[in-house]
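Data first, discussion second: the structure below is written as structure tokens.
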Amino acid sequence: MNPLLLDVPLKLETERLMLRAPLQAGDGEIVNQAIGDSFYELKSWLSLFQEPPTVEETEIMLRNAHINFLKRESFRFLIFDKGGNDFIGTTSLHGIDWDIPKCEIGYWINTKYSGNGYMTEAVKELVNFGLNNIKFRRIGIRCESTNLKSRAIPEKLGFVLEGTLRNDDLSADGNKLTDTCVYSIIK
């Protein structure tokens with residue numbers, strides 16, 4: 001089946017969260033604010049955030065994410081608290097290989113919401129959706145070996161640590177080599 005024919009919902013829900021595709025006017029502003037709130041933590045782990053983006057740059061990033069969603073190249077969701085509709089973070093299915101089919105999951109959270117299990121809940125829903133609705137046969141999560149908060153998510157969700165790739169990547173700031181932990185869950 002051609003992936004363009006897949007019916008992919010623009011919204012997923014959990015007990016506490018609503019995950020939706022980034023397609024509403026103003027998304028750039030709320031996501032940019034969260035990036036600002038979490039900048040120093042994001043800067044430690046993501047090369048994308050070595051400098052704070054402008055609202056316009058964030059809006060462009062989200063519109064490109066929506067285009068990729070429609071093209072079925074990746075599925076990024078913005079995470080909101082159902083109770084207060086506060087923006088919490090993002091999670092995505094990306095690096096899709098439709099021939100296998102497989103993908104990877106990425107995520108980041110606004111620092112002020114970390115420690116409440118929100119990201120684990122969101123990723124769990126995305127894994128369930130990916131395995132049971134899209135029918136991926138493999139979902140991977142890669143993270144820097146020293147990013148213990150990020151590593152805790154696949155470990156809590158029953159992913160298998162397949163190995164650690166030594167000197168696999170550059171640190172977010174590009175100054176040193178880092179090791180990458182590779183986790184997966186299969187169906």
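Values quoted throughout were computed directly from the atomic coordinates according to the rules given, and no laboratory measurement underlies them. All values derive from a computational prediction rather than experimental measurement. Positions of Cβ are generated from backbone atoms using ideal geometry, with glycine treated the same way; all protein chains shown enter the neighbour counts.
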For the chain, built as a Gaussian network whose Cα springs stay under 10 Å, the top-fluctuating residue of Gly158, Gly140, Gly106:
Gly158
Could you check the simple spin-label distance between Leu48 and Ser145, using points 7 Å along Cα→Cβ, in nm with one decimal?
2.5
Placing +1 on the Cβ of each Lys and Arg and -1 on the Cβ of each Asp and Glu in the chain, which of Leu19, Val182, Ile88 has its Cα farthest towards the positive end of the resulting dipole?
Val182
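Dipole of the chain, Cα-centred, from +1 at each Lys and Arg C-beta and -1 at each Asp and Glu C-beta, to the nearest 20 debye? Kindly include the intermediate steps, with their values, before the conclusion.
Values: 22 positive and 26 negative charges, 134 e Å.
Value, rounded to 20: 640 debye.
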Can you give me the distance in nm between label points at Asp169 and Leu23, each placed 7 Å from the Cα along the Cα-to-Cβ direction?
2.9
Take every Cα pair under 8 Å in segment 85-187 that's 6+ residues apart, average their separations, divide by the length, and report that relative contact order as a whole percent.
24
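Quick one: dipole size for segment 64-159, taken about the Cα centre, charges +1 on Lys/Arg Cβ and -1 on Asp/Glu Cβ, in debye to the nearest 20.
Details: 14 positive and 10 negative charges, 30 e Å.
Roughly 140 debye, rounded to the nearest 20.
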Highest-fluctuation residue, Asn64, Asn85, Asn32 considered, GNM on the chain with Cα pairs under 10 Å:
Asn85
Calculated [θ] (222 nm, deg cm²/dmol) that DSSP helices of n ≥ 4 give over the chain, each run adding -39,500 (n - 2.57):
-9500 deg cm²/dmol
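Only four residue types carry charge here, +1 at the Cβ of Lys and Arg and -1 at the Cβ of Asp and Glu. Report the dipole size of segment 111-178 about the Cα centre in Debye, rounded to the nearest 20.
Working: 11 positive and 8 negative charges, 33 e Å.
About 160 debye.
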Compute from the Cα atoms of segment 49-179 the Rg and the Dmax, the latter being the longest Cα-Cα distance, and quote both in angstrom.
15.4, 43
Return a single number: how many Lys pairs in the chain, at a sequence separation of 8 or more or on separate chains, have alpha-carbon atoms below 19 angstrom apart.
21
Got a sec? Which residues in segment 28-48 would a label at Asn64 touch, if it sits 7 Å along Cα→Cβ and we count backbone N under 17 Å?
28-29, 31-32, 46-48
What residue among Val127, Val55, Val31 shows peak mean-square fluctuation when the chain is described by a Gaussian network model with Cα springs under 10 Å?
Val55
Got the relative contact order for segment 1-146 handy, in percent, Cα pairs under 8 Å and 6 or more residues apart?
23
Tell me, what is the FRET efficiency for Glu56 and Lys82 to the nearest 0.05, using R0 = 25 angstrom and their Cβ-Cβ distance as r?
0.30
